[in-house]
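The values are calculated or read from the model by the stated rules, or taken from the named source; none is laboratory data. Keep in mind it's a predicted model, so treat the numbers as computed, not measured. Cβ atoms come from the backbone with ideal geometry, glycine included; neighbour counts cover every protein chain shown.
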Amino acid sequence: MKILFVTNTIGAAARGGLFIQATKTAEYLKANNIEVTLHNAWEHIHLTQFDAVHIFGAGIGTYHFAREIHKRNIPFILSPVHFSSHSVKKIRMALNVQSSFRKIISGTWTDIGIVEEMCKWATGIVPNTSDEAKLLTEGLKIPKEKIHIVPNGVEERFATATPDEWKEKFGTENFVLNVGYWGKRKNTLPLIRALKKLSLPAVLIGGYANDEYGKLCIQELADAKNIHTLDSLEHDSSLLASCYAAAKVFVLPSLFETPGISALEAGLAGANIAITKFGGTEEYFLAHASYLDPHSEESIAETILSTFQKEKTTALREHILQNFMWESVAKKTEEAYKHFL
């Protein structure tokens with residue numbers, strides 16, 4: 001079987017969770033003797049040489065590619081990596097408004113409208129969580145027959161990480177950690193405010209955009225003596241793994257996560273997890289994590305504090321090892337291919 005992997009250009013450039021999901025899935029599928037080619041926009045390829053295309057991320061960055069292969073009747077599998085905190089009623093209303101508006105002015109899109117079209121075109125859809133699948137079936141009216149849930153994965157190397165390298169370089173441990181870009185969906189500003197109130201030692205690793213939100217985060221950090229910041233670390237960095245192991249709590253207060261690869265990595269390295277309750281996170285972490293309401297700064301602070309006060313255990317590590325290794329994810333992805341193609 002020959003599969004072409006496609007994702008948006010910014011995802012590849014940012015090397016975030018979507019990039020990791022695509023490249024690691026490809027790596028472990030190849031180990032199962034499936035030929036995977038990572039799409040390069042600057043190289044000419046004959047699409048007909050592939051049995052199917054697998055698109056990672058439903059959005060404007062992949063929309064036109066999906067539309068083109070749909071026109072050519074080339075089958076494609078879609079990993080939407082999409083969730084919305086809006087109700088089904090609001091989603092249906094937005095889609096109806098968009099449909100009416102496009103009859104008057106063509107060439108107009110909404111984010112949810114793009115996801116809907118791509119899902120309708122797809123041969124099969126492989127969401128990461130049942131919550132994401134529910135959004136597709138109830139909000140976008142996608143038939144259940146087109147959906148096959150495939151979980152996200154994590155690398156086993158994080159299970160053997162130790163805090164030694166981090167402690168040698170920075171001399172700290174047992175802190176609150178957040179890793180990722182600073183943005184509205186990641187809910188960084190309320191996180192900073194909550195951490196300032198708690199006065200717990202904290203480390204934020206990641207970059208920020210030169211926009212109003214990023215500037216607000218920087219302003220909020222100006223008098224935060226308990227929060228230390230560090231530029232993004234490469235995903236394969238041993239220092240990143242060591243940082244996870246040194247942390248007491250890893251917090252991910254995003255508006256939603258499906259489920260947050262960084263949280264899986266940190267949990268595997270032994271950190272306690274405080275994470276958003278939206279997007280299907282509980283499906284992965286079960287009772288091994290503490291869940292917060294991202295819309296409440298008070299909930300963020302209280303959940304971080306209660307999680308910080310808990311002793312570290314190996315229960316989450318064992319759960320992740322048993323259920324979310326990339327070998328298992330690749331096998332389930334292959335099953336989805338055989339089911340849909």
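Do you know which residues across region 275-325 are of a type in the set (Val, Ile, Thr) and surrounded by fewer than 14 Cβ atoms within 10 Å (Cβ to Cβ)?
Result: 313, 314.
Here residue 294 clears all of (1) without any contact (Cβ under 8 Å) to a residue 12 or more places away in the chain; (2) not in a helix (DSSP H, G or I) except the condition numbered (1). The residue that is surrounded by the most Cβ atoms within 10 Å (Cβ to Cβ), counting only those in region 156-200 that are touching a strand residue (DSSP E or B) at 6+ places or on another chain (Cβ under 6 Å) and β-branched (Val, Ile, Thr), is 176. Do you know which residues across region 71-94 are surrounded by fewer than 18 Cβ atoms within 10 Å (Cβ to Cβ) and either polar (S, T, N, Q) or in a helix (DSSP H, G or I) (or both)? Hits for region 71-94 are 71, 73, 85, 87, 88, 89, 90, 92, 93.
Any residue in region 263-272 that is outside any helix (DSSP H, G or I), modelled with pLDDT under 95 and buried (at least 24 other Cβ atoms within 10 Å of the Cβ)? Looking for residues that are outside any helix (DSSP H, G or I), modelled with pLDDT under 95 and buried (at least 24 other Cβ atoms within 10 Å of the Cβ), one finds none in region 263-272, hence no. Among the residues of region 223-262, those that are part of a loop (DSSP other than H, G, I, E, B) and farther than 29 Å from residue 135 by Cβ comprise 223, 224, 225, 226, 231, 232, 233, 234, 236, 237, 247, 248. From the list 218, 149, 114, 192, the one residue that fits, being farther than 16 Å from residue 242 by Cα and in a loop (DSSP other than H, G, I, E, B), is 149.
I'd like to verify a number: residues in region 48-66 that are surrounded by 13 or more Cβ atoms within 10 Å (Cβ to Cβ) and either more than 22 Å from residue 260 (Cβ to Cβ) or of a type in the set (A, V, I, L, M, F, W, C) (or both), how many?
Of the residues in that region, 10 qualify.
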